[in-house]
1. Please enumerate the residues belonging to segment 1-46 that are outside any helix (DSSP H, G or I) and either in contact (Cβ under 8 Å) with a residue 60 or more places away in the chain or more than 21 Å from LEU73 (Cα to Cα) (or both).
2. ARG207 fails exactly one of the following numbered conditions: (1) among the charged types (D, E, K, R); (2) assigned to a helix (DSSP H, G or I); (3) over 21 Å from LEU157 (Cα atoms). What is the number of that condition?
3. Look through ALA226, ALA194, ALA187 and report the one residue that is more than 12 Å from PRO164 (Cβ to Cβ) and either assigned to a loop (DSSP other than H, G, I, E, B) or not assigned by TED's automatic domain parsing to the domain that holds MET160 (or both).
4. Inspect segment 59-75 for any residue being in a strand (DSSP E or B) and modelled with pLDDT of 75 or more and give the result as yes or no.
5. Under 6 Å by Cβ, and 6 or more places apart or on different chains, what pairs join a residue from segment 164-180 that is surrounded by fewer than 17 Cβ atoms within 10 Å (Cβ to Cβ) with one that is part of a loop (DSSP other than H, G, I, E, B) and modelled with pLDDT of 95 or more?
6. Taking only pairs six or more apart or across chains, which ones have beta-carbon atoms under 6 Å, a first residue in segment 280-292 that is surrounded by 13 or more Cβ atoms within 10 Å (Cβ to Cβ), and a second residue that is in a helix (DSSP H, G or I)?
7. Of everything in segment 164-173, what is farther than 17 Å from VAL259 by Cβ and either outside any helix (DSSP H, G or I) or not assigned by TED's automatic domain parsing to the domain that holds LEU230 (or both)? Give them in sequence order.
8. Before we move on, is PRO176 in a strand (DSSP E or B) and out of contact with any Phe, Trp or Tyr (no Cβ under 7 Å at 6 or more places or on another chain)?
Amino acid sequence: MADWDLGQLRALAAAADLGTFDAAARALHVTPSAVSQRIKALEQRAGAVLLRRDRPVRPTAAGEPLVRLARQLDALTADATRHLAGDATVPHVTLAVNGDSLATWALPALAPLAGDVALRLVREDQERSADLLRDGSVMGAVTSQAVAVQGCTVEPLGVMRYRPMAAPAFVDRWFPDGPRAAALAVAPVVVFDAADRLQDRWLRARRVDPARPPRHLVPASADFAAAVRLGFGWGMLPAQQSDADERAGRLVPLTDDAVDVPLHWQQWSLRTAALDAVADALRAGARAALATPV
């Protein structure tokens, strides 16, 4: 078993977090030369280059597990200090959560922890959030990836069910005869960003080339729903965002079918009281808000 030097690991993580050796040195209250020497010593110990010396510096594939280890050791050290010394410092937990979950069920689920845990929330697409776990940027993630990242555990949370929704006036204008393929090929569509594939999946199921209809990019969950409600285009919305507007007549479904996105909770395998509390809160919130896979 390798015996890693904590000071060297902290220098590596600080450089990866802050982007330069100078910034890492200021954070650690040492000289840039000391940071450089510690990282070089760690690279010799690991037998691999751990940082790309670009601007900003970035961990290599070999460096990512050690950056994650450094952050995990800091979290465990802080947790032990609070328990042994009666430290009243509020622990920090950094999470990656997809925008739709943040805008609907995740924040209410986490709200009871607001006085006990300082949450650092990173909004990231559910298909890409596992990358942040892999490089150690976050301690846990709501993600669509069912295979555990190395050094992490994974469990299913439930399903976010998306339906194609639009404003009634939009439907009257673009789909007077229903959402037929010819109409879908020209009707504007709202997408979250360039990586959003939900609308594409639904169009392909109807034999429509997703590249054909004009697109509005609206990269914020609440604004995305507002754009659909205002008639910019049609879009896939989760029930948690569309149900009230549908009951009020502000939105109508194009069809009754849906696209299901299974969500999972992945977290570091280590256990801290704060991370356990976050995981418990998200499990409870998901049970109340998400659909059960069919």
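1. Once the filter is applied, which keeps residues that are outside any helix (DSSP H, G or I) and either in contact (Cβ under 8 Å) with a residue 60 or more places away in the chain or more than 21 Å from LEU73 (Cα to Cα) (or both), segment 1-46 yields TRP4, THR20, THR31.
2. Among (1) among the charged types (D, E, K, R); (2) assigned to a helix (DSSP H, G or I); (3) over 21 Å from LEU157 (Cα atoms), ARG207 violates only (2).
3. Just one listed residue meets the conditions, ALA194.
4. Yes, there is a match, as at least one residue in segment 59-75 is in a strand (DSSP E or B) and modelled with pLDDT of 75 or more.
5. Every condition considered, the pairs that remain are ALA169/GLY231.
6. That search, which allows pairs on different chains as well, returns ALA281/ALA109; ALA281/LEU110; ALA281/LEU113; LEU282/ALA109; GLY285/TRP105; GLY285/ALA109; ALA289/TRP105.
7. First pass over segment 164-173, keeping only residues farther than 17 Å from VAL259 by Cβ: 167-173.
ALA167 - this is the single residue of segment 164-173 that is farther than 17 Å from VAL259 by Cβ and either outside any helix (DSSP H, G or I) or not assigned by TED's automatic domain parsing to the domain that holds LEU230 (or both).
8. no
The values are calculated or read from the model by the stated rules, or taken from the named source; none is laboratory data. All values derive from a computational prediction rather than experimental measurement. Cβ: placed from backbone, ideal geometry, glycine included. Neighbour counts: every protein chain shown.
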